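Chemist: The structure that follows is given in the form of structure tokens.
Just so it is clear, none of the values below were taken in a lab; they were calculated from the coordinates. For clarity, every value in this text was computed on a predicted model and none was experimentally measured. Every residue, glycine as well, gets a Cβ built from its backbone with ideal geometry; the counts of neighbours run over all protein chains shown.
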Amino acid sequence: MIKIALIGFGTVGRGFAKALIYNRNIIQRKIGEFRVTAICDSKSSITGDFKIEDAIKYKLDKGRLPENRNAEDIIELGDFDVLVETTPTDVFSGEPGLSYIKKALTTGRDVITSNKGPLVVAYRELMTLAERHGAKIGFEATVGGAMPVVKMIRDELAGNRIRRIRGILNGTTNYILSRMEKEKAPYPQILSEAQELGIAEADPGYDVEGIDAGAKLVILANSVFGKDVKFDDVEVRGITRITPEAFEIAVEKGYTIRLIAEADEDGKLEVSPRLVKLTNPLAIYGTLNAVLIETDLAGEIFVIGRGAGERETASALISDLVDFYGNCSFH
Ligand SMILES: NC(=O)c1ccc[n+]([C@@H]2O[C@H](COP(=O)([O-])OP(=O)(O)OC[C@H]3O[C@@H](n4cnc5c(N)ncnc54)[C@H](OP(=O)(O)O)[C@@H]3O)[C@@H](O)[C@H]2O)c1
């Protein structure tokens, strides 16, 4: 029986919990019996013998959970094999997730996270801590949502030298740029429409300044190229200064403009708006994410998919769960 503790019960945390209900049979076939033994948000919790559906209903009805234990208490209680950590991202401090993850790893518990912050701030430290305590840390959900990237490179391309990764790692900016291209409209107008639609946050800085894409690039560079880079090592430029005129000229010449994140084996680390040929697979539209991986043996591999959303992120979290405890044979 695998025991799961869930910290963070917002969009992603609840999405994960719902997916455990919907796909229980599929997951159980792969990892055997599992149970969620604790859930907490920023101020409340539920522990012991409870149904996941009741916890979701309680949270939606009351905006909290029935008990007063906090995340530290849950980790201290230790009634879990794996901590699924889905608290908000802070790429500068890594908190609050960083402390939770360290604490769980130190007690030998495995960790799965959707939170970029801790990995951006302390990737090497966390990997070393996990190794020292015989624990595992999974972070597929931090890069590209449902799009399989981290484990695909680790497993399916295991025999390759990875030369370069280029990609669109932020759906919000891709949506804004797609619409600027099609409608020849100015950035502020499309941004405010994206905010009305819930595609861009009220405070869009992390997305439009390229910080979110830069954070994901740090995680890829550290995991794929074995680097020890931090957010400050990434050259980051966002999309706020792109004009409709720039798009007009680009399109006339057969190009579009996309926010491209690029890391290579020589240490290049850059997020910036770039001209992309309209025929290039990276000239994607809407909120999609995509990654082009250049390898020595397999050549170019292109992955495209949904980079965010509760179900999509749940897909990535569960893939780590099955990676840790499952057998992924076909049937
Ligand atoms: N949304 C996506 O599509 C997506 C995709 C990939 C990755 N991510 C990442 O996944 C994480 C969660 O995103 P989200 O969209 O689910 O965020 P969210 O809806 O804001 O939920 C965050 C949850 O964390 C809880 N929390 C906040 N501070 C906490 C603390 N100090 N201790 C314990 N719990 C705390 C919040 O509690 P309350 O409920 O009490 O406020 C809330 O339940 C973020 O790091 C995000 O970058 C999100």
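Chemist: Between the alpha-carbon centers of the range 100-125 and the range 237-306, tell me the distance in whole angstrom.
Modeler: Answer, in whole Å: 30.
Chemist: So if we plug the beta-carbon distance of GLU125 and LYS182 into 1/(1 + (r/R0)^6) with R0 = 25 Å, what FRET efficiency do we get, rounded to 0.05? Don't skip to the end; give the middle numbers.
Modeler: Working: r = 44 Å, r/R0 = 1.76.
That pair, GLU125 with LYS182, gives E of 0.05.
Chemist: Convex hull over the alpha-carbon atoms of the range 234-318: what's its volume per residue in Å³? Kindly include the intermediate steps, with their values, before the conclusion.
Modeler: Details: hull volume 12.1 nm³, N = 85.
Convex hull volume per residue, Cα atoms: 142 Å³.
Chemist: Sticking with this one: Lysines near LYS268 by alpha-carbon distance under 30 Å, same-chain residues fewer than 8 away left out - which ones?
Modeler: LYS102, LYS116, LYS136, LYS151, LYS216, LYS227, LYS230, LYS253, LYS277
Chemist: In nm, to one decimal, how far is the SER99 label point from the LEU297 one, both placed 7 Å along Cα→Cβ?
Modeler: Those two pseudo-labels are separated by 4.5 nm.
Chemist: A further question on this structure: Can you compute the charge dipole magnitude of the range 102-230 about its Cα centre, using +1 on each Lys and Arg Cβ and -1 on each Asp and Glu Cβ, nothing else charged? Give it in debye, rounded to the nearest 20. Could you put the intermediate results ahead of the total?
Modeler: Values: 19 positive and 16 negative charges, 156 e Å.
That gives a dipole near 740 debye.
Chemist: For the chain, what's the relative contact order in percent, using C-alpha pairs closer than 8 Å and at least 6 residues apart?
Modeler: On the way: 699 pairs, mean separation 68.0, N = 331.
Relative contact order for the chain comes out at 21 percent.
Chemist: Quick one: 3J(HN,Hα) in Hz for the range 40-47, Karplus 6.51/-1.76/1.60 with θ = phi - 60°, rounded, Gly and Pro as x.
Modeler: 9, 10, 6, 9, 8, 7, 9, 9
Chemist: Report the residues of the range 1-36 in range of a label on ARG311: point 7 Å along Cα→C-beta, backbone N strictly under 17 Å from it.
Modeler: Residues 11-27 qualify, since their backbone N sits under 17 Å from the label point.
Chemist: Let me ask you something else. Per residue of the chain, what 222 nm ellipticity follows from adding -39500 (n - 2.57) for every DSSP H run with n ≥ 4, rounded to the nearest 500?
Modeler: On the way: 12 runs with 131 residues, N = 331.
Taken over the chain, the calculation gives -12000 deg cm²/dmol.
Chemist: Moving on. Within 13 Å, Cβ to Cβ, of ARG24, how many net charges do the neighbouring residues add up to if Lys/Arg are +1 and Asp/Glu are -1? Please report the intermediate quantities before stating the final value.
Modeler: Working: positive: LYS18, ARG29, LYS30, ARG35, LYS51; negative: GLU33, GLU53.
Result for the neighbourhood of ARG24: +3.
Chemist: For the pair GLU201/GLU33, report the inter-label distance in nm, with labels modelled 7 Å from Cα in the Cβ direction.
Modeler: In this crude label model, GLU201 to GLU33 measures out at 4.0 nm.
Chemist: I would also like to ask the following. Run the numbers for LYS62 and ASP233: contour at 0.36 nm per residue of separation, minus the present Cα-Cα distance, in nm. Spell out each step's value before the answer.
Modeler: Numbers: separation 171, 0.36 × 171 = 61.56 nm, distance 4.30 nm.
Value of the extension gain: 57.3 nm.
Chemist: What net charge do the residues around ILE199 carry, taking every other residue with its C-beta under 12 Å from that of ILE199, with Lys and Arg at +1 and Asp and Glu at -1? Walk me through the intermediate numbers first.
Modeler: Working: positive: ARG179; negative: GLU193, GLU196, GLU201, ASP207.
Neighbour charge sum, excluding ILE199 itself: -3.
Chemist: From the phi angles alone, apply the Karplus equation (6.51, -1.76, 1.60; θ = phi - 60°) to the range 10-16 and give each ³J(HN,Hα) in whole Hz, x where the residue is Gly or Pro.
Modeler: The phi angles translate into x, 3, 6, x, 6, x, 5 Hz.
Chemist: Please give the residues of the range 74-89, grouped as numeric ranges, whose backbone N is less than 20 Å from a label point set 7 Å along the Cα-to-Cβ vector of MET1.
Modeler: 74-84
Chemist: What is the Cα convex hull volume of the range 6-87 when expressed per residue in Å³? Don't skip to the end; give the middle numbers.
Modeler: Values: hull volume 7.1 nm³, N = 82.
Cα convex hull per residue, to the nearest whole number: 87 Å³.
Chemist: Give the percent of DSSP beta bridges with both residues in the chain that are antiparallel, rounded to the nearest 5.
Modeler: Values: 30 of 48 bridges.
The antiparallel fraction comes to roughly 60 percent.
Chemist: Quick one: what are the phi-derived ³J(HN,Hα) couplings along the range 88-103, Karplus 6.51/-1.76/1.60 with θ = phi - 60°, whole Hz, x for glycine and proline?
Modeler: x, 7, 10, 6, 9, 9, x, 8, x, x, 4, 5, 4, 5, 4, 4
Chemist: Using the scaling law 2.2 N^0.38 Å as the reference, what is the normalised Cα Rg of the range 153-306? Could you put the intermediate results ahead of the total?
Modeler: On the way: Rg = 15.6 Å, N = 154, 2.2 N^0.38 = 14.9 Å.
After normalising by residue count via 2.2 N^0.38 Å, the value is 1.04.
Chemist: At most 14 other Cβ atoms within 10 Å and a DSSP loop assignment: could you name the GluC sites (Glu not before Pro) in the range 158-206 that fit? Working shown, then result.
Modeler: Details: sites: GLU181, GLU183, GLU193, GLU196, GLU201; in loops: GLU201.
Filter output for the range 158-206: GLU201.
Chemist: Taking the Cα centroid of the range 126-182 and of the range 15-53, what is the distance between the two, rounded to the nearest whole Å?
Modeler: Centre-to-centre distance over Cα atoms comes out at 25 Å.
Chemist: Would you grab the residues whose amide H sits under 5 Å from the one on VAL276? Only those 5+ places off in sequence or on another chain, please, with H modelled 1.01 Å from N.
Modeler: THR256, ILE257, ARG258
Chemist: Right, next: Using DSSP to define loop residues, name the chymotrypsin sites (Phe, Trp or Tyr not before Pro) in the range 238-331 whose beta-carbon has at most 12 other beta-carbon atoms within 10 Å.
Modeler: On the way: sites: PHE247, TYR255, TYR285, PHE302, PHE324, TYR325, PHE330; in loops: TYR285, PHE330.
Sites meeting the loop and neighbour criteria: PHE330.
Chemist: How high is the relative contact order of the range 153-306? Use alpha-carbon pairs under 8 Å, at least six apart in sequence, and give a whole percent.
Modeler: Values: 293 pairs, mean separation 54.9, N = 154.
After rounding, I find 36 percent.
Chemist: Just grab the label-to-label distance for GLU76 and ASP264, each label 7 Å out from Cα along the Cβ direction, in nm (one decimal).
Modeler: Output for this residue pair reads 5.1 nm.
Chemist: When each pair of different Cα atoms in the chain is counted once in the 1/r mean, what is the Kirkwood radius in angstroms, to one decimal? Could you put the intermediate results ahead of the total?
Modeler: Values: mean 1/r = 0.0487 Å⁻¹.
Computed over Cα pairs of the chain, the Kirkwood hydrodynamic radius comes out at 20.5 Å.
Chemist: Could I ask something else about it? So if I place +1 on the C-beta of Lys and Arg and -1 on the C-beta of Asp and Glu, and nothing else carries charge, what would the dipole magnitude of the chain be about its Cα centre? I want it in debye, nearest 20.
Modeler: Working: 42 positive and 49 negative charges, 124 e Å.
So the dipole magnitude of the chain works out to roughly 600 debye.
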